[in-house]
Amino acid sequence: MRHYGLTYPQAERIIRHHTHLHWRRFSWIGGVALAMLVAYMGSAWFDIDLGSARFLLLAGASLGTGLQLWLAQRAAYPAILQEAKEVRNSKD
């Protein structure tokens, strides 16, 4: 963000704002991942044998969490750059 002429606090505010907006946009993926994690831990707590499904629940929860974060960051990137350009142009 240095070549946009922004200070660190300005850049951090823009990045956090847009990342949070898009993280909320994909929050349903996090909800599904949380449900899988609860099912995984519940089967361990109550000693329920799910066989290979336990591994699939844990893998699905991990992939869902990673997918949510990756999609949020990828979707926020163009909006971050656009707002940085607007802030730079408003300074001139």
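Read the figures in this text as sums done on the coordinates, not as results from a lab. No experiment lies behind these values; they were computed from the predicted model shown. Positions of Cβ are generated from backbone atoms using ideal geometry, with glycine treated the same way; all protein chains shown enter the neighbour counts.
The set of residues in region 1-33 that are closer than 25 Å to S62 by Cβ, part of a helix (DSSP H, G or I) and among the aromatic types (F, W, Y) comprises W23, W28. In region 40-67, the residues that are free of Cβ contacts under 8 Å to residues at least 40 places away in the same chain reach residues that are part of a loop (DSSP other than H, G, I, E, B) with C-beta atoms within less than 7 angstrom, at least six apart or across chains, in these pairs: S43/L50.
Restricting attention to region 1-26 and to residues that are free of Cβ contacts under 8 Å to residues at least 60 places away in the same chain and of a type in the set (F, W, Y), the residue that is surrounded by the fewest Cβ atoms within 10 Å (Cβ to Cβ) turns out to be Y8. Inspection of region 27-46 identifies at least one residue that is surrounded by fewer than 16 Cβ atoms within 10 Å (Cβ to Cβ), within 30 Å of Y8 (Cα to Cα) and of a type outside the set (A, V, I, L, M, F, W, C). Filtered by the rule that a residue be under 25 Å from the mean Cα position of the chain (by Cα) and among the acidic types (D, E), region 37-92 gives E83, E86.
Within region 37-45, at least one residue is in contact with a Ser or Thr (Cβ under 9 Å, 6 or more places away or on another chain) and of a type outside the set (S, T, N, Q). Among the residues of region 61-72, the ones that are surrounded by 16 or more Cβ atoms within 10 Å (Cβ to Cβ) and among the polar types (S, T, N, Q) come to 2 in all.
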